[in-house]
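Participant: Below is a structure I'd like to ask you about.
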Amino acid sequence: MDRIAGIINLDHEQDVLDELTYFRCSAAVPFAGRYRMIDFTISNMSNSRIESIAVFARRKYRSLMDHLEQGKAWDLDRKRGGLFILPPDWNDPTDISKGDLQHFHNNIDFITRTFADYVVVSGTQNICNINFRDVLEEHKASGADVTVVYKKVEELYPEHRRAHKLTIDDGGRVTDIHNDQRSNNVYMDMYILEKNYLYGMIEDCIAHGCSQFFLDGIKARLPEIHIHAYEYEGAHALINSVESYYRHSSSLLNGANHEDLFKEEAPIFTKVKNEPPTKYSQESKVTNTLVANGCVIEGQVEDSILFRGVKVAKGAVIKNSIIMQRCEIDSNAILENVILDKDCRISNSRTLIGVPEKPYVVAKRVSM
Amino acid sequence: MKKECVAMLLAGGQGTRLKSLTKQIAKPAVYFGGKYRIIDFPLSNCTNSGIDTVGVLTQYEPLILNSYIGIGSDWDLDRKYGGVSVLPPYVQSEEGGGWYTGTANAIYRNIKFLNQYNPDHVLVLSGDHIYKMDYSDMLDYHKASGADATISVIEVPWDEASRFGLMNTNESGVITEFEEKPENPKSNLASMGVYIFRWDVLKRYLIDDADQEHSSHDFGKDIIPAMLGDYKKMMAYTFDGYWKDVGTVASLWEANMDLLKEKPELELNDYSWRIYSKSPNQPPQYISHEANVQNALINEGCRIHGTVDHSVIFYGVHVQEGSVIQDSVVMPEVKIGKDVTINRAIIAAGSVIEDGAVIGDPSPDSDITLVADEDSVLAKSYLEQIIK
């Protein structure tokens, strides 16, 4: 079996989720009741038997490191390979690299030392359940230098504006990479290539003063190199704004989307918190809601997502909201179209109401 | 390297009164509380009490138990020195070996295991009970009193006392007499099956007992009476928390129902005394538009479209539209079809309940119905092993 190594490149992911990314990078933003965004990328890699994974982190990675630990939750606490979190601490005075190529250059040992033949490079903002082995098969069959992953989206939303789009010929070869707002071939910020090819490209990019591996190394060379497009057909959510975060979170309440993302044969793993089952009281009234473990619900909750350990007191009403870990909602409080970050406390009878298009976001550990 | 106290957990019991729930698994592996297996309680108690060396004595149907315990990581018992060791019966070069013939025999046959740690004290536990207990407090009491053995006891109602092994004590807590299920109890202090012995003393009694041809090699029947007969100092340590023997279908059901009280005596949502278990790694539970959930414990991976009232639902359970579950315990990965009615029942793991089924008797004094589709249980448990 071919060996694949993984690189999770967070360098170009902007912290654009307002309050949710004040103190953490977007890869570490909680999502879907018990996960962080990066769990999907790591689980996809781990489920594809990628056993050596590097995370290129640059900013706000304290929360990320706390979450990932030694990678045990993803079965990545290994003697051969494993998980490597690589923040920007490098001190080579002769280093002339720039942009995310700094990461590739300064962590080149990860690439040269790995036993892998191929490398998958991925961001974390495209939530999906993908098997990289399938991508590799298609990559090999196509004979391409690089294979990029894309999703043909049914409807274009504002979050797709910032994503790159692909023009693809009948043979699946990429003929153009652009930002055309009318195109629905959304590039998912994932590609696979041979390790030695990656190594050569990195050297070449740095020698020519490039700063972004994908833009300057791959996109700019489109005329010279063979780029193949792999179409991913499963559940997909591109999250790069509070609005897209909120809309895609809510869409998980739709059973079909949920089943596409959480597959029994390819589970999404996350750090285990050892919470007990959730307790519903005699007075609780919960409908159309995702609830994680360790919650105690005595009030009313509808069309919402509750993370682990949330307490909802008697008489409290929560609608269309996302309530993160360990928040406490006191009696008779009313929350509608709200996102509460972790550890918030909403006291008796307070009312917080956002609008569906723009939910009201409360930063971590706020009491009101 | 020396360990002050090593725990020995007796987990070889069959638990025949749990009927088909223990047909293929040892009693300590039986499910409890929406997420746990019985053995999670003593193992978590050990970790939370600072006891990091635990021998688990297995014998009956050990497959699930062995793979569940693994190297003990889920209870933080994967240690460089100590940690958890599964100790099955084995063949010995001269004696020949064979099955463990009793609880004392099981410890006797593992004297070598205990000697590795040269412990001062040995904590003997059983894998049959649900309780949260700080063994370090009991150890402190045992050390302070200078006892050769300390037995943890709990006050039980007088009218039930004759079902238990009872300790008669004097005012200072010294045990004067031990009676196994007496007709006319003189005490209501029941043994919890939690013992701490001085290892040098216990070792001597185990070796002596091994030579007794007519001994049943049992702690309650042989070792404790022999020590009492020799006037060894034996103390009763009174525990006043929640403790429940879940040895029968009815008591297992009842202990699950106890968790649903508004202020349960056994609080599982307790950061200071977590009960650890193996995580099934499933997505959050989904409570649908049509669902009606009250007074329930529900775990991850569930999809509830029906009514759940006063019930405990383990992970991965699906309940379809129109179904009503009341006063019941539904174990992992059970799939319940449409318009099913379940009352006062325990549904074993992996069961598939077809549309329109009616299970159990709602009248308050009726017996608890146990549904265990053996084939599906086997298939699912096997599958579980592969996935995890």
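The values are calculated or read from the model by the stated rules, or taken from the named source; none is laboratory data. Because the structure is predicted, anything quoted here is derived from the model rather than measured. Counting neighbours? That spans all protein chains shown, and the Cβs are built from the backbone with ideal geometry, glycine included. The accessibility values were calculated without ligands, DNA or RNA, using every heavy atom of the protein model including side chains. Shrake-Rupley method; radii C 1.70, N 1.55, O 1.52, S 1.80 Å.
Participant: Pairs only if they're at least six apart or on different chains, beta carbon under 7 angstrom, first in segment A:182-193 and buried (at least 21 other Cβ atoms within 10 Å of the Cβ), second part of a loop (DSSP other than H, G, I, E, B) and among the aliphatic types (A, V, I, L, M); list them, first residue then second.
Facilitator: Taking only residues 6 or more apart or on different chains, the pairs are A:Val186/A:Val153; A:Val186/A:Ala163; A:Tyr187/A:Ala163.
Participant: Name the residues in segment A:222-256 that are small (Gly, Ala, Ser) and not in a loop (DSSP other than H, G, I, E, B), would you?
Facilitator: Once the filter is applied, which keeps residues that are small (Gly, Ala, Ser) and not in a loop (DSSP other than H, G, I, E, B), segment A:222-256 yields A:Ala229, A:Ala237, A:Ser244, A:Ser249, A:Ser250, A:Ser251, A:Gly255, A:Ala256.
Participant: Since A:Ile96 meets every condition but one in (1) aliphatic (A, V, I, L, M); (2) in contact (Cβ under 8 Å) with a residue 40 or more places away in the chain; (3) out of contact with any Cys (no Cβ under 6 Å at 6 or more places or on another chain); (4) open to solvent by less than 60 Å² (accessible area, probe 1.4 Å), which condition does it not meet?
Facilitator: A:Ile96 satisfies every listed condition except (4).
Participant: Identify, by number, the condition in (1) within 14 Å of another protein chain (Cβ to nearest Cβ); (2) in contact with a Gly (Cβ under 6 Å, 6 or more places away or on another chain); (3) open to solvent by 40 Å² or more (accessible area, probe 1.4 Å) that A:Tyr360 doesn't meet.
Facilitator: (1)
Participant: Further question on the same structure: Kindly evaluate B:His310 against the criterion of being more than 7 Å from chain A (Cβ to nearest Cβ), open to solvent by 30 Å² or more (accessible area, probe 1.4 Å) and under 19 Å from A:Gly33 (Cβ atoms).
Facilitator: On the way: more than 7 Å from chain A (Cβ to nearest Cβ): yes; open to solvent by 30 Å² or more (accessible area, probe 1.4 Å): yes; under 19 Å from A:Gly33 (Cβ atoms): no.
So B:His310 does not fit the description; no.
Participant: Further question on the same structure: Only residues in segment B:29-46 that are under 20 Å from B:Gly301 (Cβ atoms) and open to solvent by 10 Å² or more (accessible area, probe 1.4 Å) count as the first member; pair them with residues that are not basic (Lys, Arg) and not in a loop (DSSP other than H, G, I, E, B), Cβ under 6 angstrom, at least 6 apart or cross-chain, and list the lot.
Facilitator: B:Arg37/B:Ala29; B:Arg37/B:Tyr31
Participant: For segment A:258-267, state whether one or more residues are assigned to a helix (DSSP H, G or I), more than 7 Å from chain B (Cβ to nearest Cβ) and open to solvent by 50 Å² or more (accessible area, probe 1.4 Å).
Facilitator: So far as segment A:258-267 goes, yes, one or more of its residues are assigned to a helix (DSSP H, G or I), more than 7 Å from chain B (Cβ to nearest Cβ) and open to solvent by 50 Å² or more (accessible area, probe 1.4 Å).
Participant: Let me ask something else about it. Please find, among A:Thr289, A:Thr270, the residue that is facing chain B (nearest Cβ under 7 Å) and either open to solvent by 10 Å² or more (accessible area, probe 1.4 Å) or at pLDDT 95 or above (or both).
Facilitator: A:Thr289
Participant: Among the residues in segment B:74-84, are any part of a strand (DSSP E or B) and in contact (Cβ under 8 Å) with a residue 60 or more places away in the chain? Steps first, please.
Facilitator: Taking segment B:74-84 and keeping what is part of a strand (DSSP E or B), we get B:83-84.
This time we only want the ones that are in contact (Cβ under 8 Å) with a residue 60 or more places away in the chain, so: none.
No, segment B:74-84 contains no residue that is part of a strand (DSSP E or B) and in contact (Cβ under 8 Å) with a residue 60 or more places away in the chain.
Participant: Still on this structure, I have one more. Looking at segment A:320-336 only, could you name the residues that are within 27 Å of the chain's Cα centre (by Cα) and either open to solvent by 10 Å² or more (accessible area, probe 1.4 Å) or within 13 Å of chain B (Cβ to nearest Cβ) (or both)?
Facilitator: A:Asn320, A:Ile322, A:Ile323, A:Met324, A:Gln325, A:Arg326, A:Glu328, A:Glu336 - these are the residues of segment A:320-336 that are within 27 Å of the chain's Cα centre (by Cα) and either open to solvent by 10 Å² or more (accessible area, probe 1.4 Å) or within 13 Å of chain B (Cβ to nearest Cβ) (or both).
Participant: Which residues, counting only those in segment B:216-233, are aliphatic (A, V, I, L, M) and more than 23 Å from B:Arg109 (Cβ to Cβ)?
Facilitator: The initial filter retains those residues of segment B:216-233 that are aliphatic (A, V, I, L, M), namely B:223-224, B:226-228.
Hit for segment B:216-233 is B:Leu228, nothing else.
Participant: Same structure again: Before we move on, is B:Pro225 closer than 22 Å to B:Ile151 by Cβ and not aromatic (Phe, Trp, Tyr)? Before the answer, list the steps.
Facilitator: Working: closer than 22 Å to B:Ile151 by Cβ: yes; not aromatic (Phe, Trp, Tyr): yes.
Criteria met by B:Pro225.
Participant: Restricting the search to segment A:275-285, which residues are assigned to a loop (DSSP other than H, G, I, E, B), at the interface with chain B (Cβ under 7 Å from one of its Cβ atoms) and buried (at least 17 other Cβ atoms within 10 Å of the Cβ)?
Facilitator: As a first pass, look at segment A:275-285 and keep what is assigned to a loop (DSSP other than H, G, I, E, B): A:275-277, A:281-284.
Now drop any that are not at the interface with chain B (Cβ under 7 Å from one of its Cβ atoms), which leaves A:276-277, A:281-282, A:284.
Matches in segment A:275-285: A:Pro276, A:Pro277, A:Ser281, A:Ser284.
Participant: Would you check if A:Val272 is without any contact (Cβ under 8 Å) to a residue 60 or more places away in the chain, within 30 Å of the chain's Cα centre (by Cα) and either part of a loop (DSSP other than H, G, I, E, B) or at negative phi (or both)?
Facilitator: Values: without any contact (Cβ under 8 Å) to a residue 60 or more places away in the chain: no; within 30 Å of the chain's Cα centre (by Cα): yes; either part of a loop (DSSP other than H, G, I, E, B) or at negative phi (or both): yes.
Criteria not met by A:Val272.
Participant: Identify, by number, the condition in (1) open to solvent by 20 Å² or more (accessible area, probe 1.4 Å); (2) farther than 18 Å from A:Asn293 by Cα; (3) within 29 Å of the chain's Cα centre (by Cα) that B:Asn343 doesn't meet.
Facilitator: Against the list (1) open to solvent by 20 Å² or more (accessible area, probe 1.4 Å); (2) farther than 18 Å from A:Asn293 by Cα; (3) within 29 Å of the chain's Cα centre (by Cα), B:Asn343 comes up short only on (1).
Participant: Next question. Looking only at segment A:72-83, decide whether some residue is open to solvent by less than 10 Å² (accessible area, probe 1.4 Å) and touching a residue at least 40 places away in the same chain (Cβ under 8 Å). Walk me through how you get there before you give the answer.
Facilitator: Taking segment A:72-83 first, the residues open to solvent by less than 10 Å² (accessible area, probe 1.4 Å) are A:74, A:76, A:82.
Still in the running and touching a residue at least 40 places away in the same chain (Cβ under 8 Å): A:74.
Yes, segment A:72-83 contains a residue that is open to solvent by less than 10 Å² (accessible area, probe 1.4 Å) and touching a residue at least 40 places away in the same chain (Cβ under 8 Å).
Participant: Given the conditions (1) touching a Phe, Trp or Tyr at 6+ places or on another chain (Cβ under 8 Å); (2) open to solvent by 50 Å² or more (accessible area, probe 1.4 Å); (3) of a type in the set (Lys, Arg), report the number of the one that B:Arg303 does not fulfil.
Facilitator: The failed condition is (2).
Participant: Let me ask something additional. Identify all residues within segment A:46-59 that are under 16 Å from the mean Cα position of the chain (by Cα), modelled with pLDDT of 95 or more and either surrounded by fewer than 21 Cβ atoms within 10 Å (Cβ to Cβ) or not in a loop (DSSP other than H, G, I, E, B) (or both); write none if there are none.
Facilitator: Result: A:Ser46, A:Asn47, A:Ile53, A:Ala54, A:Val55, A:Phe56.
Participant: Taking B:Ile275 as meeting all but one of (1) more than 13 Å from every other protein chain (Cβ to nearest Cβ); (2) touching a helix residue (DSSP H, G or I) at 6+ places or on another chain (Cβ under 8 Å); (3) of a type in the set (A, V, I, L, M), write down the number of the exception.
Facilitator: Result: B:Ile275 passes all but (1).
Participant: Suppose the filter is over 23 Å from A:Leu215 (Cα atoms) and not polar (S, T, N, Q); does A:Arg59 pass it? Give the derivation first.
Facilitator: Details: over 23 Å from A:Leu215 (Cα atoms): no; not polar (S, T, N, Q): yes.
So A:Arg59 fails the test.
Participant: Can you tell me how many residues in segment B:191-213 are closer than 22 Å to B:Ser136 by Cβ and either assigned to a strand (DSSP E or B) or charged (D, E, K, R) (or both)? Don't jump to the end; show me each part of the working.
Facilitator: Within segment B:191-213, the subset closer than 22 Å to B:Ser136 by Cβ is B:191-202.
Then drop every residue that is not either assigned to a strand (DSSP E or B) or charged (D, E, K, R) (or both), which leaves B:191-198, B:200.
Result for segment B:191-213: 9.
Participant: Hey, another quick one. Might you check whether a residue that is hydroxyl-bearing (Ser, Thr, Tyr), assigned to a loop (DSSP other than H, G, I, E, B) and without any contact (Cβ under 8 Å) to a residue 12 or more places away in the chain occurs anywhere in segment B:164-184? Reasoning before the result, please.
Facilitator: Quick first cut of segment B:164-184, residues hydroxyl-bearing (Ser, Thr, Tyr) only: B:169, B:172, B:176.
From what is left, the residues that are assigned to a loop (DSSP other than H, G, I, E, B) are B:172.
Checking the rest, the ones that are also without any contact (Cβ under 8 Å) to a residue 12 or more places away in the chain come to B:172.
So far as segment B:164-184 goes, yes, one or more of its residues are hydroxyl-bearing (Ser, Thr, Tyr), assigned to a loop (DSSP other than H, G, I, E, B) and without any contact (Cβ under 8 Å) to a residue 12 or more places away in the chain.
Participant: If you take the residues of segment A:295-305 that are under 24 Å from the mean Cα position of the chain (by Cα) and either farther than 18 Å from B:Val293 by Cβ or crowded, with 22+ Cβ neighbours inside 10 Å (or both), which of them is nearest to the other protein chains (Cβ to nearest Cβ)? Working first, answer last.
Facilitator: So the first thing to find is which residues in segment A:295-305 are under 24 Å from the mean Cα position of the chain (by Cα), and the list is A:303-305.
From what's left, either farther than 18 Å from B:Val293 by Cβ or crowded, with 22+ Cβ neighbours inside 10 Å (or both): A:304-305.
Working: A:Ser304: 10, A:Ile305: 8 Å.
Only one residue fits best here, namely A:Ile305.
Participant: Mind checking whether some residue in segment A:312-319 is within 24 Å of the chain's Cα centre (by Cα) and more than 10 Å from every other protein chain (Cβ to nearest Cβ)?
Facilitator: Narrowing segment A:312-319 to residues within 24 Å of the chain's Cα centre (by Cα): none.
Scanning segment A:312-319 turns up no residue that is within 24 Å of the chain's Cα centre (by Cα) and more than 10 Å from every other protein chain (Cβ to nearest Cβ).
Participant: Identify all residues within segment B:264-300 that are among the hydroxyl-bearing types (Ser, Thr, Tyr), open to solvent by 40 Å² or more (accessible area, probe 1.4 Å) and farther than 21 Å from B:Leu252 by Cα; write none if there are none.
Facilitator: Taking segment B:264-300 and keeping what is among the hydroxyl-bearing types (Ser, Thr, Tyr), we get B:271-272, B:276-277, B:279, B:286, B:288.
Remaining after also requiring open to solvent by 40 Å² or more (accessible area, probe 1.4 Å): B:271-272, B:276.
B:Tyr271, B:Ser272 - these are the residues of segment B:264-300 that are among the hydroxyl-bearing types (Ser, Thr, Tyr), open to solvent by 40 Å² or more (accessible area, probe 1.4 Å) and farther than 21 Å from B:Leu252 by Cα.
Participant: While we're here: Given the options B:His142, B:His217, name the one that is crowded, with 21+ Cβ neighbours inside 10 Å, outside any helix (DSSP H, G or I) and over 21 Å from the mean Cα position of the chain (by Cα).
Facilitator: On the way: B:His142 fails: outside any helix (DSSP H, G or I).
When all the criteria are applied, what remains is B:His217.
Participant: Continuing with the same structure: Which of the numbered conditions does B:Asp240 fail, given that it passes all the others? Conditions: (1) within 14 Å of chain A (Cβ to nearest Cβ); (2) open to solvent by 30 Å² or more (accessible area, probe 1.4 Å).
Facilitator: (1)
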